[in-house]
Amino acid sequence: LVACLSVARERELGTFDQLLVTPLRPAEILLGKALPAFLVGMVEATAIAAVAVGWFGVPFTGSLALLYLALALFIVAVVGVGLMISAVARTQQQAILGAFLFVVPAVILSGFATPIANMPEAIQVLTYANPLRYVLIVLRGLFLQDLPAALALGHLWPLLPIAACTMAAAAWMFRRLQ
């Protein structure tokens, strides 16, 4: 949501046009919009993990380094989606609606509430493009099952191309804004 609203708010206020006429390249503007969203996501994830372990007593049996690797890859992928939505949206309301239209199907297709194996085969294929699918497997494994690094990395590697594609698409869409 932070990434979605970043450009949409500036576009709505008219300050994004001023940003585009600066000597910054679109990739630098994209990085400037992605980095705060990434940092907010990492701080929020840290706080949620701390509350889960400290307050609710959820056992954390895995590697902290793997947890942060999983979170970093997931957040980069999702920030890329947010920036794509933000590049298309003209107003903050459109950006919020776009985020909602991404988040709801992503949660439904992640295996969070319904096992992916119980979904129709055509829908199961769609879940391979969902970054939430992979990070949930790793988070469950790290918190509850002491997931070995080899298995965790086997579930994390798909986040690399997803993150690369979402950030590349966001960069392409930013270049089109000029």
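Every read-out reported here was derived from the displayed coordinates using simple, explicitly stated rules and does not represent laboratory data. A quick note: this is a predicted structure, and the numbers were derived from the prediction, not measured. We place every Cβ from the backbone using ideal geometry, glycine too, and count neighbours over all the protein chains shown.
Run the numbers on the chain and let me know its relative contact order in percent, using alpha-carbon pairs under 8 Å that are six or more apart.
Working: 200 pairs, mean separation 61.7, N = 178.
Contact order relative to length: 35 percent.
Which whole-number percentage describes the relative contact order of the stretch 76-144, with Cα contacts under 8 Å and a sequence gap of 6 or more?
26 percent
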Using the beta-carbon distance between residue 157 and residue 19 and R0 = 30 Å, what value does 1/(1 + (r/R0)^6) give for FRET efficiency, to the nearest 0.05? 0.30
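When the helices in the chain are scored as -39500 (n - 2.57) per DSSP H run of 4 or longer and the sum is shared across all residues, what 222 nm value do you end up with, to the nearest 500 deg cm²/dmol?
-24000 deg cm²/dmol
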Nearest 10 degrees is fine. How inclined is helix 64-88 to the longest principal axis of the chain, computing both from alpha carbons? 30 degrees
Of the listed peptides 145-153, 37-45, 68-76, 56-64, what is their order by residue-averaged count of other C-beta atoms within 10 Å, with the highest listed first? 68-76, 37-45, 145-153, 56-64
Contour minus Cα-Cα span, residue 61 to residue 144, at 0.36 nm per residue, comes to 29.3 nm
